[in-house]
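Here the structure comes first, spelled out in structure tokens, and everything after it is commentary.
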Amino acid sequence: MKMRQMWVWMLLMALSFVNDRSHCCLDEERISLLEIKAWFNHAGAPGSKYLEGWDKEDFNCCNWDPHRVVCDNTTNRVIELQLSSVNYDGLKAVEDLDLNASLFLPFIELEILDLSVNQLVGGLKNQGFQVLASGLRNLKELYLRYNKFNNNILSSLNGFSTLKSLDLSDNMFTGSTGLNGLRKLETLNLEYTDFKESILIGSLGALPCLEEVFLDYSSLPASFLRSIGHLSTLKVLSLAGVDFNSTLPAQGWCELKNLEQLCLSGTNLKGVLPPCLGNLSSLQVLDVSYNQLEGNIAFSHLSHLTQLEYLEVSNNYFQVPISFGSFMNLSNLKFFACDNNELIAAPSFQPLVPKFQLRAFSASNCTPKPLKAGFPNFLQSQHDLMFVDLSHNKFVGEPFPSWLFENNKKLNQLYLRDTSFTGSPLQLPQHPTPNLQTIDMTGNSIHGQIARNICSIFPSLKNFMMANNSLTGCIPPCFGNMSSLTYLDLSNNHMSCELLEHNLPTSLWFLKLSNNNFKGRLPLSMLNMTGLHYLFLDGNIFAGQVSGTFSLASSFMWFDISNNLLSGMLPRGIGNSSISLQGIDLSRNHFEGTIPIEYFNSSGLEFLDLSENNLSGSLPLGFHASDLRYVHLYRNQLSGPLAYDFYNLSLLVTLDLGDNNLTGPIPNWIDSLSELSIFVLKSNQFNGILPHQLCLLRKLSILDLSENNFSGLLPSCLSNLNFTASDEKTWVYTSTKSEDDGIRKDIFGNVAFYLDTKYLSPEISVKISVELTLKKIFYTYEGDNLRYLSAVDLSCNRFTGEIPTEWGKLSGIYSLNLSQNNLNGLIPSSFSNLKQIEGLDLSHNNLNGRIPAQLVELTFLEVFNVSYNNLSGRTPEMKNQFGTFDESSYKGNPLLCGPPLQNSCDKTESPSVRVPNDFNGDGGFIEMDIFYASFGACYITVVLTIAAVLCIYPHWRRRWFYFIEECIDTCCCFLAINFPKLSRFRT
């Protein structure tokens, strides 16, 4: 019995083994896959690691990698090979590969082959695509995009007689040979290709089954659209990004009766939509966005396209009637986008109830001026809306359309940012809107408190933005239980209460409550929310001493508690190196003590602002913050020299150390900060001469060294600065985004063209701010105003010598302040080349000579000050901007004349007046301080000499007193004789 059981068990094992082997892939195919792996390994392909699961010990290759190897369930033969991006490294170049067709010949049942993104340049001798085509008789889809194939392979592709889909996009074709013989081809992708038109048209015409053609971003002439009318089988035509630079022709493309999808986005089309567009009776999807098309869209023939489901006309110059009456009969229309056009009032006779039911409607930024026609009321008849975007329109005085909630229970995303809606308070629907996830009503005029029942009305709320309104009260307590809420922005309102920790859900990843009136102590438990990435509590009235030991959750990327009333030592835990913080802003508080070195050692830290506190001590030493790009430490009490450790901050864009007690010279290693754009050291005690390395900062645009003790000559090499515009010096950007696209699939299904994906980028309102001084007036520049600003302020120092004439090459400079130094010489006439300059202050120096008359050519000049120098001659002609400058711009120069000064040049410049001997050769007088000193010394010397002579020589003394006595007698006689005559004359 036992022997029989053993035999049965062995038989079952044998049958199981045979059954397993029967479900394995074929040996020749398994061996070929291993050879393909070896082929990539031998070439050193960076993506060979993706093939590590291809194991020769595992006989069933169908289970190796279901994403790259797919087998038929019946035959176990390989039918799909996905080998894209194996020989690719996005960071560095890789070696080119030659195709070895013999490796793929065993896969005789192969239907799909993807060799994209592999740096393939061609085929080995006698192992190219001709050989591949002869072996793969069942191949239906071939993907070769983003390789380096050239024209030589095109003719060899004709052997793939069974091919239905071919992707040759982004290779190195020039179009010397066309495509022929692919009689069953239905889909052809030639994106990013520079084909000759005649070859391309001939190739397309030889493909009788062609239904889909993708030529996006290829090089095609405008005549292409006139030449494709014979492609009668075409259903999809995508030409996005092709630079046609012409109007739409009235023939050719309009003859494609079977065309269902047409994309002409970003093709530089101009003029109006031609009437023949109405002939495309099968069209379901039309995208003409991002062009220069114009005209009233109601007069186009779009209304004839009765099958239209998707219509995208955004970013043109169309006039779109707000009633949308011309589209009322398009019963299939589901999506309509007309962003960045112009909404206009519509004739009253047009029907008000459309036949369509939209799922998505987008018309943002369409009212450059307040719209008298009001809100698009046709939306009141819509009940299937899932997406609505009417942001950045001026519906002034319109009440908030709460009926959008009531009528559209499927509504998922609502964007009404900056639409001037009013409401007190925000009106919520009576019944829940269960699918609503996003509400953006930033920048309106909504008053009052947020309704306490908002959580029950919008139970799925994920993103809630109501910044820049007039909200009051506090955060609804129910928010603390909303596990779906991840993005909350209530900044720039009038909310006022003590911020309670249990009112905020732990699911938040973005929280912005800036510029309100929240008060009390800083809720420390909020700092331990493990999902929170961005926290902005700046601009409130949080007060009290902050514990120096608290730390942040490891998820934090940005932490801003600036502009409050917080005090104490800087918490060391914020700068913990285990936290990947991008930004720390503790400015405008009352923190004191030294700066912990941990703040400069935080991994990934890019932005650090500790300005306007009471911090003291020296700058940290021994740090390694290689990612720091913005350092703001101004208006503290820091002392000591500029630390050598800043040498390693090669990515630094702004460095503001102004208004401290820092000392020493500017170090010679300053040129290592090659990305530096804003450099501010004003109001410190720095000294020494300016090193020539300062001139090597090619990206420097704002240099403020005012109110220090710098000395020496002005370096002429500063004329090498380019003063280029830069976005980096204006705003701090973040790369983190949350994609808000949860409804795209529900709206569009399998349609090939989609609504632009909505991203919720963290709105980090960190404006870089710079304060410049001209004519003793402070000017603050921040945000976008800084993008093109370029300025040099060296005022209130001890610079000597002449102003370099080379500085006239600073053609892009906006402000130049050299006041209150010891500069002498002439004002360079080359300053007339500073065509962009708006402020020029040369006051309180020792400059002499005439003011160059050419300066009147500076037509942007708003501030001009040369007061308190030794300038002479006529003031510049009172024209252009110089007609706006008053006497204060020239005072303190007694030898200047002409308007707006009171002294006339007719007196000071009369030809009969002899030129004094102390007039210098430059046309100006010698320095007045030297003149007064020398005159006084000479006077005293003469008086003392006379006194000494009289004391030593008695004879001369007697003669002197006799002379004095004679003078007195003569005066007395004169008065005695003439006084009676004068008295008689008066009577």
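The values are calculated or read from the model by the stated rules, or taken from the named source; none is laboratory data. Note that the coordinates shown come from a computational prediction; the quantities given were computed from them, not determined experimentally. Cβ coordinates were reconstructed from backbone atoms using ideal geometry, including for glycine residues, and neighbour counts include every protein chain displayed. Side chains included, ligands, DNA and RNA excluded: accessible areas come from the protein's heavy atoms. Shrake-Rupley method; radii C 1.70, N 1.55, O 1.52, S 1.80 Å.
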Checking Glu592 against (1) in contact with a helix residue (DSSP H, G or I) (Cβ under 9 Å, 6 or more places away or on another chain); (2) open to solvent by 10 Å² or more (accessible area, probe 1.4 Å), only one condition comes out false. Which one? (1)
Selection from segment 154-192 of residues open to solvent by 10 Å² or more (accessible area, probe 1.4 Å), touching a Gly at 6+ places or on another chain (Cβ under 8 Å) and either under 27 Å from Val94 (Cβ atoms) or among the charged types (D, E, K, R) (or both) yields Ser156
Being more than 19 Å from Leu144 (Cβ to Cβ), crowded, with 17+ Cβ neighbours inside 10 Å and small (Gly, Ala, Ser) narrows it down to one residue among Ser48, Ser116; which is it? Ser48
Cβ-Cβ under 7 Å pairs, at least 6 apart or on other chains, segment 432-451 side in contact (Cβ under 8 Å) with a residue 24 or more places away in the chain, far side β-branched (Val, Ile, Thr) and open to solvent by 20 Å² or more (accessible area, probe 1.4 Å): Ser445/Thr422; Gly448/Thr472; Gln449/Thr472
When residues of segment 58-90 are filtered for being in a loop (DSSP other than H, G, I, E, B), under 14 Å from Glu29 (Cα atoms) and not basic (Lys, Arg), how many remain? 7
Residue that is modelled with pLDDT of 90 or more, under 47 Å from the mean Cα position of the chain (by Cα) and open to solvent by less than 50 Å² (accessible area, probe 1.4 Å), where the choices are Arg77, Arg68: Arg68
Enumerated strands (runs of 3 or more DSSP E) restricted to segment 100-155, each holding at least 1 residues that are of a type in the set (Lys, Arg) and on the phi < 0 side of the Ramachandran plot: none
Might you let me know whether segment 30-45 holds any residue that is among the acidic types (Asp, Glu) and modelled with pLDDT under 90? no
Near pairs, Cβ below 6 angstrom, 6+ apart or cross-chain, from segment 856-869 (touching a residue at least 40 places away in the same chain (Cβ under 8 Å)) to any residue that is buried (at least 21 other Cβ atoms within 10 Å of the Cβ) and assigned to a loop (DSSP other than H, G, I, E, B): Asn865/Ser843
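Yes or no, residue by residue, for (1) assigned to a helix (DSSP H, G or I); (2) touching a Leu at 6+ places or on another chain (Cβ under 8 Å); (3) open to solvent by 10 Å² or more (accessible area, probe 1.4 Å):
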| position | (1), (2), (3) |
| --- | --- |
| Asn365 | no, no, yes |
| Pro370 | no, no, yes |
| Gln380 | yes, no, yes |
| Lys394 | no, yes, yes |
| Gly397 | no, no, yes |
Expected single match for open to solvent by less than 40 Å² (accessible area, probe 1.4 Å) and in a loop (DSSP other than H, G, I, E, B) among Leu436, Leu404 is Leu436
Take the residues in segment 556-587 that are of a type in the set (Gly, Ala, Ser) and touching a residue at least 40 places away in the same chain (Cβ under 8 Å), then tell me which one is farthest from Asn614 (Cα to Cα). Gly583
